[in-house]
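To start, the structure itself, in structure tokens.
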Number of protein chains: 2
Amino acid sequence: MQKIYLAGPDVFLPDAINVGRRKKELCAAYGFEGLFPLDDVIAEADGEPMDRLIYRANAAMIRRADLGICNLTPFRGPSADAGTVFELGLLVGLGKPVLGYTNVTEDLLARSRSAGGATFDPSRRTWRDAAGMEIEDFGNVDNLMIDNALIEDGGFPIIRHRAKAGELFTDLTGFEARLRLAAERHRN
Amino acid sequence: MQKIYLAGPDVFLPDAINVGRRKKELCAAYGFEGLFPLDDVIAEADGEPMDRLIYRANAAMIRRADLGICNLTPFRGPSADAGTVFELGLLVGLGKPVLGYTNVTEDLLARSRSAGGATFDPSRRTWRDAAGMEIEDFGNVDNLMIDNALIEDGGFPIIRHRAKAGELFTDLTGFEARLRLAAERHRN
């Protein structure tokens, strides 16, 4: 049975264990084994800091996985969770197919404009944030490296679904849509 | 001569080309060739969106590199630029050594507390952001996957240097410190 690494900021939820269980049950329903970062019980080790041990456990889990499904919902700013984005890059570098979903529908520039602080620089015909840094205007969910990694190294764009209020990090509609795709394309 | 991929949000600066040139000159001074994303002139191609072509060019440049130096300065929130973090993961997945710097000195939790919105959850003995999501408290610069990738896959922690006011994304002190380390360890 193929294994799917379940990347996302879900691990930071107060009920992270429960969300992980729901994702793993959905994986099983589609014929996969879901690997959730919190599955690994990390034992204290002499002289090794806990965060290092978690890193090693997650990286090892990613290497065991056959593919990854990444929750790319914006987290503490306009972009996805940094840990998830790192893991997306790692999956791509290891040659594993990646699928992704986000629980918002607007693109990066639209969200930046809604949040305020985005201004148009007519001399360079580009949008800039409050620090003067260019905001990409490609209609992507996130930085172009992220959206295009999904297309080039997974075969499908990030699916966008507008989560109901209060369910930004727990709505699994987009997750299940990408799982269904994985079942059609990657299950063996 | 070994090639260093120069990852960072530097590409979004109004004077990105100039910063890239300064970084490449520093690389040359330490015996390396610096590869800056904007070095590649991307030609329009029939039916291919520009952002896809940029993704391919950057990913190909990363595959040509021998190692990477990543600018992990917080960008539009408490974490590093998402594109840079993706590239860090890709470098690690490809087995290339990674070095990193940040132009702030406080850790993730301290910065989150300074910015407001971080509250302590006594029942779980953890810090939470305004959305109730746990904030890691390991003394790291960023998500534990990032800090530990540098230690585990590069051999050295992210170097922290407090940039002068107005130079958050252009101060190259930390960059040069990591370049010096690369020269000691990786040059051949």
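The values are calculated or read from the model by the stated rules, or taken from the named source; none is laboratory data. This structure is a prediction, so every number in the text was calculated from the model and none was measured. Every residue, glycine as well, gets a Cβ built from its backbone with ideal geometry; the counts of neighbours run over all protein chains shown.
For segment A:145-173, which residues satisfy the criterion of being of a type in the set (A, V, I, L, M), at pLDDT 95 or above, closer than 17 Å to A:THR105 by Cβ and out of contact with any Gly (no Cβ under 6 Å at 6 or more places or on another chain)?
A:ILE146, A:ALA163, A:LEU168, A:LEU172
Within segment A:25-39, identify whether any single residue is within 14 Å of another protein chain (Cβ to nearest Cβ), under 15 Å from A:GLU87 (Cβ atoms) and not in a strand (DSSP E or B), and answer yes or no.
Taking every residue of segment A:25-39 in turn, at least one turns out to be within 14 Å of another protein chain (Cβ to nearest Cβ), under 15 Å from A:GLU87 (Cβ atoms) and not in a strand (DSSP E or B).
If you scan segment A:92-104, which residues turn out to be closer than 18 Å to A:MET61 by Cβ, among the hydrophobic types (A, V, I, L, M, F, W, C) and more than 7 Å from every other protein chain (Cβ to nearest Cβ)?
Within segment A:92-104, A:VAL98, A:LEU99 meet the criteria.
Run A:ALA182 past the list (1) buried (at least 21 other Cβ atoms within 10 Å of the Cβ); (2) under 30 Å from B:VAL19 (Cβ atoms); (3) aliphatic (A, V, I, L, M) and report the number of the one that doesn't hold.
(2)
Exactly one of these conditions fails for B:PHE75: (1) within 11 Å of chain A (Cβ to nearest Cβ); (2) closer than 22 Å to B:MET1 by Cα; (3) surrounded by 23 or more Cβ atoms within 10 Å (Cβ to Cβ). Give me its number.
All conditions are met except number (2).
Out of all the residues in segment A:82-100, which are among the hydrophobic types (A, V, I, L, M, F, W, C), in contact (Cβ under 8 Å) with a residue 24 or more places away in the chain, part of a helix (DSSP H, G or I) and within 19 Å of A:ASP10 (Cβ to Cβ)?
In the first step, residues of segment A:82-100 are kept if they are among the hydrophobic types (A, V, I, L, M, F, W, C); the result is A:82, A:85-86, A:88, A:90-92, A:94, A:98-99.
Those still in the list that are in contact (Cβ under 8 Å) with a residue 24 or more places away in the chain too: A:85, A:88, A:90-92, A:94, A:98-99.
Next cut, part of a helix (DSSP H, G or I) only: A:85, A:88, A:90-92.
Of everything in segment A:82-100, those that are among the hydrophobic types (A, V, I, L, M, F, W, C), in contact (Cβ under 8 Å) with a residue 24 or more places away in the chain, part of a helix (DSSP H, G or I) and within 19 Å of A:ASP10 (Cβ to Cβ) turn out to be A:VAL85, A:LEU88, A:LEU90, A:LEU91.
Examine segment A:112-123 for a residue that is basic (Lys, Arg), not assigned by TED's automatic domain parsing to the domain that holds A:PHE12 and not in a loop (DSSP other than H, G, I, E, B), and state whether such a residue exists.
First pass over segment A:112-123, keeping only residues basic (Lys, Arg): A:113.
Those left that are additionally not assigned by TED's automatic domain parsing to the domain that holds A:PHE12: A:113.
Now drop any that are not not in a loop (DSSP other than H, G, I, E, B), which leaves A:113.
Scanning segment A:112-123 turns up at least one residue that is basic (Lys, Arg), not assigned by TED's automatic domain parsing to the domain that holds A:PHE12 and not in a loop (DSSP other than H, G, I, E, B).
Listed here are the residues, each with its yes/no results for (1) at pLDDT below 95; (2) over 24 Å from B:PHE169 (Cα atoms).
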site: B:GLY47; (1), (2): yes, yes
site: B:ARG52; (1), (2): no, yes
site: B:ALA59; (1), (2): no, no
site: B:ARG63; (1), (2): no, yes
site: B:CYS70; (1), (2): no, no
site: B:PHE75; (1), (2): no, no
site: B:PHE86; (1), (2): no, no
site: B:LYS96; (1), (2): no, yes
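Given the structure, is A:GLY77 out of contact with any helix residue (DSSP H, G or I) (no Cβ under 8 Å at 6 or more places or on another chain), in the same structural domain as A:VAL19 (by TED's automatic domain parsing) and under 18 Å from B:PHE86 (Cα atoms)? Walk me through it before giving the result.
Working: out of contact with any helix residue (DSSP H, G or I) (no Cβ under 8 Å at 6 or more places or on another chain): yes; in the same structural domain as A:VAL19 (by TED's automatic domain parsing): yes; under 18 Å from B:PHE86 (Cα atoms): yes.
It is true that A:GLY77 is out of contact with any helix residue (DSSP H, G or I) (no Cβ under 8 Å at 6 or more places or on another chain), in the same structural domain as A:VAL19 (by TED's automatic domain parsing) and under 18 Å from B:PHE86 (Cα atoms).
Collect the residues in segment A:136-151 that are more than 8 Å from chain B (Cβ to nearest Cβ) and closer than 18 Å to A:ALA115 by Cα, keeping them in residue-number order.
Filtering segment A:136-151 down to residues more than 8 Å from chain B (Cβ to nearest Cβ) leaves A:137, A:139, A:141, A:150.
If the condition is that a residue be more than 8 Å from chain B (Cβ to nearest Cβ) and closer than 18 Å to A:ALA115 by Cα, then A:ASP137, A:GLY139, A:VAL141 are the ones that fit.
Could you grab the pairs with beta carbons closer than 7 Å, sequence gap of 6+ or different chains, first residue in segment B:159-182 and of a type in the set (Ser, Thr, Tyr), second one crowded, with 20+ Cβ neighbours inside 10 Å?
B:THR170/B:VAL19
Based on what the data block shows, is B:ARG124 modelled with pLDDT of 95 or more and more than 30 Å from A:ARG113 (Cβ to Cβ)?
Criteria not met by B:ARG124.
Please specify each residue of segment A:1-20 satisfying the condition of being farther than 21 Å from A:LEU91 by Cβ and surrounded by fewer than 15 Cβ atoms within 10 Å (Cβ to Cβ). Working first, answer last.
Pass one, segment A:1-20, residues farther than 21 Å from A:LEU91 by Cβ: A:13-15, A:17-18.
A:ASP15, A:ILE17, A:ASN18 - these are the residues of segment A:1-20 that are farther than 21 Å from A:LEU91 by Cβ and surrounded by fewer than 15 Cβ atoms within 10 Å (Cβ to Cβ).
Can you confirm whether A:ALA43 is out of contact with any strand residue (DSSP E or B) (no Cβ under 7 Å at 6 or more places or on another chain), touching a residue at least 12 places away in the same chain (Cβ under 8 Å), in the same structural domain as A:GLY174 (by TED's automatic domain parsing) and among the small types (Gly, Ala, Ser)? First the steps, then the outcome.
On the way: out of contact with any strand residue (DSSP E or B) (no Cβ under 7 Å at 6 or more places or on another chain): yes; touching a residue at least 12 places away in the same chain (Cβ under 8 Å): no; in the same structural domain as A:GLY174 (by TED's automatic domain parsing): yes; among the small types (Gly, Ala, Ser): yes.
Criteria not met by A:ALA43.
Assuming B:ASP107 fulfils every condition listed in (1) within 13 Å of chain A (Cβ to nearest Cβ); (2) among the charged types (D, E, K, R); (3) loosely packed, with under 14 Cβ neighbours inside 10 Å apart from one, which condition is it?
Unmet for B:ASP107, out of (1) within 13 Å of chain A (Cβ to nearest Cβ); (2) among the charged types (D, E, K, R); (3) loosely packed, with under 14 Cβ neighbours inside 10 Å: (3).
Could you list all residues from segment B:110-129 that are of a type in the set (A, V, I, L, M) and within 11 Å of chain A (Cβ to nearest Cβ)? Walk me through how you get there before you give the answer.
Kept after step one, since they are of a type in the set (A, V, I, L, M), are these residues of segment B:110-129: B:110, B:115, B:118.
If the condition is that a residue be of a type in the set (A, V, I, L, M) and within 11 Å of chain A (Cβ to nearest Cβ), then B:ALA115, B:ALA118 are the ones that fit.
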